[in-house]
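J.: Before we start, here is the structure in question, set down as structure tokens.
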Amino acid sequence: MSDEPVVEDSATSEPERSTPFDAGSTALDGAGWHHETHGGRVRVRRRRKRRRARRRILIGVGVLVLVLLAAVLWLLYSGFRARTQLEAVRAGVHSLRADIAAGDLAGARADAHELQQHADQAYDLTTGPVWAGAAALPYFGDPLDTAREITSGVHSIADQALPALVRAADTLNADSLRKPDGSIDVAAIRAVSPGLDAATGVLTRATSAIDASSGRTWLGSVNSARSDLLDQLEGLRTSVAAASAAADVAPRMLGADGPRTYMVTFENDAELRGTAGLPGAFAIMRADQGKISFLRFEADNELSATASGVRLGADFDRLWRADPTGAYVNSNQSPHFPYAARIWTAMWQHKSGQRLDGAIALDPTTLSYLLEVAGPATMPDGTKITASSVVAQTQSQVYLRFAKNNDARKRYLLNVARAVSRTLIHSDADFTALLQAAGKAASESRLLVWTSDGVAERGMARYPISGVVPQASIPYAGLTLVNGGGDKLSYYLHASFDYRRSGCGAVREVTATVTLRNDAPRHGLPRYVTDVNAGAALGLQQINVVYYASAGGLMRQVTHNGTPIAVNSGTERGHPVTVFRADLPIGTTQTYVLHLSEPAGTGAPQVRVQPMVRPMSVKVVDQVCGT
């Protein structure tokens, strides 16, 4: 046996008996060794506690590592699955919009159901404490936070907005919206208005929340998913908001609350004006409980010597000096359609004593869109006006056919208006397709509507169909081309507009390039088309270029082929306006560059371009700034 003193572990030894030395003293055994009783046990216990503490720490660290590893694996797994679901949501939104636009209700229902399933799964995958905790981490949690905002937004849209959209599409289908007598079911339109309004609110809130999330996280796939989904959702939100506004406004305008009477003006884009083209033939239209009828058709000279008495303010008077409020042919030089509409309805009231409830403007390209759905219109002599021929027949060939008989030309154009109107009213064509054709024209500012009903007018003001030049402090560019020579050469005018905005400060630099080309033939056109103003060279196009800048903007310089030119300036609806004349001999191209400094404003630039026979080519480049 060893002579070393042994201190037994209390966990295995017998209980020690108490002695007088247990208070911490020592005792001598038979061999003369001192046994440290109390102090030894303390040290042993301390060592034991330290070992236990180390074990606990190691176990705790191990558990924590396992938990963190499990959390990371769950985040990777659920994130991958959520991304797959969100990609399906994005595709589903695109399909849903297409099916609703095409009137495919069965497809829309299936899309909505599938989209809702994907949105719910994405939401379930990205909720819970793991995602919440990880998303709260500075920097590293940014993509997770963005992903949570995305899934939360699409979840609310799927659960709260999509059912209302499908119900509205089901109610407003082509088969049920048109009654047997040809009238429009205004009660059905009014019934879906609350649901569409609620869906618009859900889409707006969800899109705004996603837009407010970071799009510049360290994970590029999340940033691109956010951007792509925002594009789809913004398109859906815009479409639903427009449908909601239409469902609110249309019943009143269609006479749901009593008959409404409108002046419908057929504009001639062969001679450009601010809203589209020269106001020509017009009709007086009645809407009563959704039933449309035309009371009379008149040539433009019916109002040629009629004053409106409308006063639109000092800014308007200084900018437009050709008496647009007193001359029908110049009444729509401003692109702000409510001005022209007020002038037209006042002129008609002075002429006939009849008070109108609003005005509608459309051009021959709009008629072509509608005839493509409704089919050709038949003239009194049996000839056909078709979608492919109406633009050329009314803006070019008519001047060759009636080169020496102005009255016959006006009668012909009135007959075209009658024939097309009759075809549209009595057509049994797909009503949804007709609405789509009208919507296309409205999106191009070719179909414009104004009503004296203030509530309805405010509801339309946000959309192109209103023809409103906005007064809000937003980035804005409006290009208007007005024929200044009295000729009909705008039929042969080509134009392009290139808008570029740079800089990321409170003030941004804008470069707007306007390119014009006169493509009129040198021979074969009657003098009425090429030379109305005495002394002008044959075929010379005189175009007044009118540019509307952002509120608070400053025009620094305008150059023509690199050389600075003199310009006139004014103000309309809070926008600085620059005006200069462009002379375009036959076969020439002229380029004008405008240099401006403007307040940055909020949001993407809103660009309004001139409706023309040959659509204007437009390019917008806006420097993306950090958020």
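J.: Based on this model, can you work out whether Leu493 counts as modelled with pLDDT under 95 and not small (Gly, Ala, Ser)?
T.: So Leu493 fails the test.
J.: Which of the residues belonging to segment 338-395 are in contact with a Ser or Thr (Cβ under 6 Å, 6 or more places away or on another chain), in a strand (DSSP E or B) and hydrophobic (A, V, I, L, M, F, W, C)?
T.: Result: Ala359, Ala361, Ala377.
J.: Return the residues of segment 565-606 that are among the β-branched types (Val, Ile, Thr), in contact (Cβ under 8 Å) with a residue 40 or more places away in the chain and in contact with a strand residue (DSSP E or B) (Cβ under 9 Å, 6 or more places away or on another chain); say none if nothing qualifies. Before the answer, list the steps.
T.: Restricting attention to segment 565-606, the residues satisfying the condition of being among the β-branched types (Val, Ile, Thr) are 565, 567, 571, 577-579, 586, 588-589, 591, 593, 602.
So of that shortlist, the ones also in contact (Cβ under 8 Å) with a residue 40 or more places away in the chain come out as 571, 577, 579, 586, 588-589, 591, 593, 602.
Of everything in segment 565-606, those that are among the β-branched types (Val, Ile, Thr), in contact (Cβ under 8 Å) with a residue 40 or more places away in the chain and in contact with a strand residue (DSSP E or B) (Cβ under 9 Å, 6 or more places away or on another chain) turn out to be Thr571, Val577, Val579, Ile586, Thr588, Thr589, Thr591, Val593.
J.: For the subset of segment 403-437 comprising residues that are open to solvent by 40 Å² or more (accessible area, probe 1.4 Å) and more than 36 Å from the chain's Cα centre (by Cα), which member is nearest to His523 (Cα to Cα)?
T.: The extreme case among them is Ala403.
J.: For the subset of segment 331-354 comprising residues that are open to solvent by 30 Å² or more (accessible area, probe 1.4 Å) and without any contact (Cβ under 8 Å) to a residue 40 or more places away in the chain, which member is nearest to the chain's Cα centre (by Cα)?
T.: Quick first cut of segment 331-354, residues open to solvent by 30 Å² or more (accessible area, probe 1.4 Å) only: 339, 342, 349-354.
Add one more test, that the residue is without any contact (Cβ under 8 Å) to a residue 40 or more places away in the chain, and what stays is 339, 349, 352-353.
Values: Tyr339: 24, Gln349: 36, Ser352: 40, Gly353: 40 Å.
Among them, the one singled out is Tyr339.
J.: Picking from Thr238, Thr261, which residue would you name as being at pLDDT below 90 and either β-branched (Val, Ile, Thr) or within 20 Å of Ala341 (Cα to Cα) (or both)?
T.: Values: Thr261 fails: at pLDDT below 90.
From the options Thr238, Thr261, the qualifying one is Thr238.
J.: OK, next. Being outside any loop (DSSP other than H, G, I, E, B) and closer than 19 Å to Arg318 by Cα is the filter here; which residues of segment 555-568 pass it?
T.: Step one: of segment 555-568, the residues outside any loop (DSSP other than H, G, I, E, B) are 555-560, 563-564, 568.
Hits for segment 555-568 are Met555, Asn568.
J.: Tell me, which residue of segment 434-456 that is in a helix (DSSP H, G or I) and small (Gly, Ala, Ser) is farthest from Ala341 (Cα to Cα)? Talk me through it step by step, then tell me what you get.
T.: Initially, segment 434-456 is screened for residues in a helix (DSSP H, G or I), giving 434-443, 454-456.
Still in the running and small (Gly, Ala, Ser): 437-439, 441-443, 454, 456.
Details: Ala437: 23, Ala438: 19, Gly439: 20, Ala441: 18, Ala442: 16, Ser443: 19, Gly454: 14, Ala456: 15 Å.
In this case the residue turns out to be Ala437.
J.: Scan segment 301-330 and report the pairs whose first residue is among the aromatic types (Phe, Trp, Tyr) and whose second residue is modelled with pLDDT under 90 and surrounded by fewer than 16 Cβ atoms within 10 Å (Cβ to Cβ), with Cβ atoms within less than 7 Å and a gap of 6+ or a chain change.
T.: From residues that are among the aromatic types (Phe, Trp, Tyr), the pairs are Tyr328/Ser304.
J.: Okay, next question. Of all residues in segment 388-402, count the ones that are under 23 Å from Glu444 (Cα atoms), crowded, with 18+ Cβ neighbours inside 10 Å and of a type outside the set (S, T, N, Q).
T.: 2
J.: Six or more apart or on different chains, Cβ under 6 Å: which pairs go from a residue in segment 184-210 that's closer than 10 Å to Asp248 by Cα to one that's modelled with pLDDT under 90 and of a type in the set (Val, Ile, Thr)? Could you list them?
T.: Sorted first by the residue in segment 184-210, then by its partner, the pairs are Val192/Thr171.
J.: Could I ask something else about it? Inspect all residues belonging to segment 468-488 and state whether any of them is among the basic types (Lys, Arg) and farther than 22 Å from Ile543 by Cβ. Give the steps one after another, and end with the answer.
T.: Just the residues of segment 468-488 that are among the basic types (Lys, Arg), to begin with: 488.
Subsequent filtering for residues that are farther than 22 Å from Ile543 by Cβ retains none.
The answer is no, given that none of the residues of segment 468-488 is among the basic types (Lys, Arg) and farther than 22 Å from Ile543 by Cβ.
J.: What are the residues in segment 153-166 that are under 16 Å from Val222 (Cα atoms) and out of contact with any Ser or Thr (no Cβ under 8 Å at 6 or more places or on another chain), if any? Before you say what the answer is, go through the steps one by one.
T.: Applying the first criterion (under 16 Å from Val222 (Cα atoms)) to segment 153-166 yields 153-154.
Once the filter is applied, which keeps residues that are under 16 Å from Val222 (Cα atoms) and out of contact with any Ser or Thr (no Cβ under 8 Å at 6 or more places or on another chain), segment 153-166 yields only Val154.
J.: Only one of Leu137, Leu165, Leu196, Leu144 is touching a Leu at 6+ places or on another chain (Cβ under 9 Å), outside any helix (DSSP H, G or I) and of a type in the set (A, V, I, L, M). Can you tell me which? Let's see the steps before the verdict.
T.: Values: Leu165 fails: outside any helix (DSSP H, G or I); Leu196 fails: outside any helix (DSSP H, G or I); Leu144 fails: outside any helix (DSSP H, G or I).
Just one listed residue meets the conditions, Leu137.
J.: Give the residues of segment 478-514 that are among the charged types (D, E, K, R) and either touching a Cys at 6+ places or on another chain (Cβ under 6 Å) or over 17 Å from Thr602 (Cα atoms) (or both), sorted by residue number. Before the answer, list the steps.
T.: Kept after step one, since they are among the charged types (D, E, K, R), are these residues of segment 478-514: 487-488, 498, 500-501, 508-509.
Answer for segment 478-514, where residues must be among the charged types (D, E, K, R) and either touching a Cys at 6+ places or on another chain (Cβ under 6 Å) or over 17 Å from Thr602 (Cα atoms) (or both): Asp487, Lys488, Asp498.
The values are calculated or read from the model by the stated rules, or taken from the named source; none is laboratory data. If you're wondering where the values come from, they're calculated on a predicted model, not measured in any experiment. Neighbour counts are summed over all protein chains in view; Cβ atoms, including those assigned to glycine, are modelled from backbone coordinates with ideal geometry. Side chains included, ligands, DNA and RNA excluded: accessible areas come from the protein's heavy atoms. Shrake-Rupley method; radii C 1.70, N 1.55, O 1.52, S 1.80 Å.
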